[in-house]
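Working notes for the structure below.
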Amino acid sequence: MTVSSDEPRLIERRKADHIRINLEEDVQFPRLTTGLERYRFMHRALPELDLAEIDTTLTFMGKRLSAPLLISSMTGGTSLASPLNLILAEVAQAHGIAMGLGSQRAAIVHEDLAASFKVRHVAPDILLFANVGAVQLNYGFTVEHYRRAVDMAEADALILHFNALQEAVQPEGDGNFKDLLPKVEHLCRTIGVPVIAKEVGWGFSADDARRLAEAGVAAIDVAGAGGTSWSEVEYHRAPTAFHARVARAFADWGIPTAESIALVREAVPHMPIIASGGLRNGIDIAKCIALGAQLCGLASPFLKAAAQSAEAAHDLVRELTAQLRITMFVVGARDLAALQRTPLYSA
């Protein structure tokens with residue numbers, strides 16, 4: 001694998017651009033929504049429950065969580081990311097929730113960029129996910145490279161992210177996704193930790209979910225459309241008007257989050273599902289659980305909260321958990337198993 005001497009600087013600049021653009025620009029889908037607004041719960045005026053006894057705990061990948069909440073993968077590989085990731089890891093530790101790291105590709109190749117991914121010293125007990133792009137299997141990465149990401153983060157599992165559209169609209173993107181599935185299968189069989197297949201904001205189809213399940217992934221994070229659009233992010237960092245126009249055309253591309261959850265659940269009924277992509281409150285989380293997800297991730301709200309202050313990030317977890325608990329209370333679901341059995345109605 002040949003590496004340019006300028007690559008660390010270019011990668012760090014790109015990661016810094018991603019943080020800045022997500023914080024400063026409107027990169028939400030212009031018109032396409034998550035689809036969650038099309039569902040409603042039946043309100044129960046007589047829930048026959050004590051709000052104080054609502055139980056949001058669960059076990060996921062062998063670890064006990066206080067709520068089905070994941071601080072989704074965001075950033076790393078730049079000095080700007082280190083304080084943000086440390087804040088988020090401390091928040092995850094304090095509240096007993098899960099956390100995913102941003103793509104570690106840069107730090108695997110350039111060890112001097114690894115510091116921003118090392119958060120175990122502030123979060124020794126959390127469920128923590130390492131993260132590398134699947135396409136790197138076609139660009140010289142071996143199982144050992146992915147294992148290096150897991151070891152670097154002292155992670156419990158590996159997120160393997162699939163970002164074909166983002167790579168396609170990046171001028172410097174890696175666009176060779178050919179014959180990737182056999183390499184994904186080999187990775188799943190040999191790396192020694194659970195592998196989570198994750199989109200980055202455009203959702204998984206039923207066919208892709210089936211193929212990934214057959215390849216041996218342990219869970220699927222649908223990361224559907226309706227939240228942050230990474231084609232919009234790339235639009236804002238496009239080096240020319242041509243590249244900007246190409247990226248802007250895909251502003252409303254993708255499978256909405258609610259639809260992707262349904263597709264994956266039907267295609268692989270026993271596959272653990274992580275719901276992410278445009279979730280913004282505890283009601284959204286409750287709807288995703290009722291649709292078939294076990295864990296729910298948010299990225300942009302946590303990035304913005306952490307950029308504001310640690311206390312803002314703590315407050316966000318408290319708000320999301322309170323909203324989830326109240327939703328469960330007023331639909332008559334004492335615990336998450338009951339919430340999964342609670343019907344949703346078309347709005």
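The values are calculated or read from the model by the stated rules, or taken from the named source; none is laboratory data. It should be emphasised that the depicted structure is a prediction, and the values quoted were computed from it without experimental measurement. We place every Cβ from the backbone using ideal geometry, glycine too, and count neighbours over all the protein chains shown.
Summary of values
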quantity: Tally, over the range 184-207, of residues that are assigned to a loop (DSSP other than H, G, I, E, B), more than 12 Å from F162 (Cβ to Cβ) and touching a helix residue (DSSP H, G or I) at 6+ places or on another chain (Cβ under 8 Å); calculated: 3
quantity: Condition met for L32 (over 27 Å from A275 (Cβ atoms), assigned to a loop (DSSP other than H, G, I, E, B) and modelled with pLDDT of 90 or more); calculated: no
quantity: Filter pass, K178 being among the basic types (K, R) and over 19 Å from G292 (Cβ atoms); calculated: yes
quantity: Given (1) assigned to a loop (DSSP other than H, G, I, E, B); (2) at pLDDT below 95; (3) surrounded by 12 or more Cβ atoms within 10 Å (Cβ to Cβ), index of the condition R20 fails; calculated: (1)
quantity: Qualifying residues in the range 168-183 (those that are aliphatic (A, V, I, L, M) and either under 22 Å from E214 (Cβ atoms) or touching a helix residue (DSSP H, G or I) at 6+ places or on another chain (Cβ under 7 Å) (or both)) - the one surrounded by the most Cβ atoms within 10 Å (Cβ to Cβ); calculated: V169
quantity: Tally of residues being among the β-branched types (V, I, T) and either farther than 15 Å from M42 by Cα or touching a helix residue (DSSP H, G or I) at 6+ places or on another chain (Cβ under 7 Å) (or both) across the range 327-347; calculated: 2
quantity: Which listed residue, of R341, R334, is of a type in the set (K, R), farther than 25 Å from W230 by Cβ and in contact with a Leu (Cβ under 7 Å, 6 or more places away or on another chain); calculated: R334
quantity: Set A258, A293, A312, A267: member being touching a residue at least 12 places away in the same chain (Cβ under 8 Å) and under 20 Å from G96 (Cα atoms); calculated: A293
quantity: All positions within the range 156-167 that are crowded, with 20+ Cβ neighbours inside 10 Å and closer than 20 Å to A215 by Cβ; calculated: A157, L158, I159, L160, H161, F162, N163
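This table checks each residue for (1) under 16 Å from the mean Cα position of the chain (by Cα); (2) basic (K, R); (3) within 16 Å of H314 (Cβ to Cβ).
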site: R64; (1), (2), (3): no, yes, no
site: S73; (1), (2), (3): yes, no, no
site: A81; (1), (2), (3): no, no, no
site: L86; (1), (2), (3): no, no, yes
site: V91; (1), (2), (3): no, no, yes
site: A94; (1), (2), (3): no, no, yes
site: G102; (1), (2), (3): yes, no, no
site: V109; (1), (2), (3): no, no, no
site: S116; (1), (2), (3): no, no, no
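A quick yes/no check of all residues on (1) of a type outside the set (V, I, T); (2) buried (at least 21 other Cβ atoms within 10 Å of the Cβ):
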position	(1), (2)
Q93	yes, no
Q104	yes, yes
T142	no, no
R147	yes, no
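Table: residues versus (1) among the small types (G, A, S); (2) farther than 26 Å from I21 by Cα; (3) under 18 Å from the mean Cα position of the chain (by Cα).
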{"position": "A197", "(1), (2), (3)": "yes, no, yes"}
{"position": "G201", "(1), (2), (3)": "yes, no, yes"}
{"position": "F204", "(1), (2), (3)": "no, no, yes"}
{"position": "A219", "(1), (2), (3)": "yes, yes, yes"}
{"position": "A225", "(1), (2), (3)": "yes, no, yes"}
{"position": "S229", "(1), (2), (3)": "yes, no, yes"}
{"position": "P269", "(1), (2), (3)": "no, yes, no"}
{"position": "I273", "(1), (2), (3)": "no, yes, yes"}
{"position": "N281", "(1), (2), (3)": "no, no, yes"}
